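The values are calculated or read from the model by the stated rules, or taken from the named source; none is laboratory data. Since this is a predicted model, take the numbers as computed values, not measurements. Cβ sites come from the backbone with ideal geometry, for glycine too, and all protein chains shown count toward neighbours.
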Amino acid sequence: MSDFPTDPTDTDWSYQTAAVHTSIPRGLGQTVGLPIHAAAAFQFDTLAQAQDEFQNNTGLSYARLQNPTVRALEDRITALEGGASTVALASGQAATLTALLSACRAGDHVVSASSLFGGTTGMLNNILPLMGISATLVDNTPDAVRAAMQDNTRLVWAEMISNPAGDIADLDPFAGIAHEHGALLAIDNTCGGVGYLCRPLEYGADIVSQSLTKWAGGHGSVMGGSVTVGARQDLSRNPSYTDGGENSVLKVRGDAALAWRQRWLGASQLGMTLAPHSAFLIAQGLETLALRLSRECESALELARWLQTQPGVGKVSYPGLEGHPFHDQAGRYLRHGSGAVLAFEVPDPAAFLSRLRVLRIAPNLGDVRTLVVHPWTTTHGRVPEAARLAAGVTPQTIRMSVGVEDVKDLKADIAGAL
Ligand SMILES: *Cc1c(COP(=O)(O)O)cnc(C)c1O
């Protein structure tokens, strides 16, 4: 019934080849780019087909669950993350909630590194308790994570590259600790660029959650998120999967249990479905992500080194710099560069920002344009002061997401504003 264009697992294409060819069928009259299926519902020929689809959810029936354009994007993300399947959702926040709820129910517990995107901190501290799920936020180290594990811990959470501090998740030990306790490891790979800088699943992570609003979309024009899983996970000690004996989710869905539950929760039940037009824009963004992000990483490193030499600039924080506390870990886990986000201190942030002519003041990341914010009073404004400082944010900090402009023009703009 469904004729989804490609199986993401049937090739061994390199990243850039997969980015432009996955989900585009070959053949007479086929579109060269992705078509947009502006459709809410899909037809069946027979009642038997409809009954089968409602039982198994493998094809197309209603677009809250599946749409061919959204599915094409999902297959492309699966290929780029080296996973087994993906559900695309309406935003990164929707992805975070889906990933958390796919492992936890009332009475369960999450351990997370505390250097987090503000929306994730809010989800852990304010939204999970509404559902009877608790979270402990700890230092971004294996020792701290291990010490916080409880009998009811179902999930360990960290960001691959945190912003603006540039912490790098220590995937190998985090996966080991989670699995020893029968829990899963979920990594927010937003700043890892959809598998381009790192594929956490290859280091033992079970779930990769991310905002597609950032580097995937890449042009400040669309919102989205996704949750990707690998081929199998150990869910044998998680009661959400084992309760019900022969009818448990684990027995009925087998190796697909986690992926099935994520689509059921995020798309089918909560309705945080990605629109097909958004899926199209994001899939198109993925076609140039590697080109953009490799240029941005190069520029970010050059700017970080240059900023260290500029009079009036205080601390410069970028994991690609030798002095950064996570520099060695960046070398261990990241390819192609250390990301496109850096932070630096200036004596008078308001004056600095008001004098910029190329860089723009905006809260997004991963845009083709270089964007700056003052996290102390904006993105991290609601975070308690001690937690702001712990996240590497001071009243002087400027966060910069480096775009694809000529780095000469970026330096001249910054120098002028200083
Ligand atoms: C932006 C962001 C999110 C949330 O994504 P939205 O698309 O804004 O909902 C989650 N995690 C990280 C690391 C982010 O940067």
When residues of region 78-93 are limited to those that are over 11 Å from the mean Cα position of the chain (by Cα) and in a helix (DSSP H, G or I), the one farthest from the ligand (Cβ to nearest atom): 79
In region 43-73, anything assigned to a loop (DSSP other than H, G, I, E, B), of a type in the set (A, V, I, L, M, F, W, C) and farther than 22 Å from residue 262 by Cα is listed as 44
Please verify whether residue 231 is buried (at least 24 other Cβ atoms within 10 Å of the Cβ) and either part of a loop (DSSP other than H, G, I, E, B) or without any contact (Cβ under 8 Å) to a residue 40 or more places away in the chain (or both), treating the condition exactly as stated. no
Search result, residues across region 134-155 that are in contact with a helix residue (DSSP H, G or I) (Cβ under 6 Å, 6 or more places away or on another chain) and either farther than 13 Å from residue 114 by Cβ or not assigned by TED's automatic domain parsing to the domain that holds residue 210 (or both): 142, 146, 154, 155
Pair list, Cβ under 7 Å, 6 or more apart: region 87-107 residue more than 19 Å from residue 74 (Cβ to Cβ), other residue assigned to a helix (DSSP H, G or I) and of a type outside the set (A, V, I, L, M, F, W, C): 105/240
Working carefully through the options 312, 320, 285, 337, find the one that is assigned to a loop (DSSP other than H, G, I, E, B), touching a His at 6+ places or on another chain (Cβ under 9 Å) and touching a residue at least 12 places away in the same chain (Cβ under 8 Å). 320
As an exercise: evaluate residue 372 against (1) at pLDDT 95 or above; (2) assigned to a helix (DSSP H, G or I) and give the number of the one condition it does not meet. (2)
Among the helices (runs of 4 or more DSSP H) confined wholly to region 97-213, which include 3 or more residues that are more than 16 Å from the ligand (Cβ to nearest atom) and either modelled with pLDDT under 95 or under 30 Å from residue 296 (Cα atoms) (or both)? 171-180
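Yes/no per residue for (1) more than 21 Å from residue 80 (Cβ to Cβ); (2) surrounded by fewer than 24 Cβ atoms within 10 Å (Cβ to Cβ); (3) among the charged types (D, E, K, R):
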| residue | (1), (2), (3) |
| --- | --- |
| 133 | yes, yes, no |
| 136 | yes, yes, no |
| 146 | yes, yes, yes |
| 173 | yes, yes, no |
| 180 | yes, yes, yes |
| 216 | no, no, no |
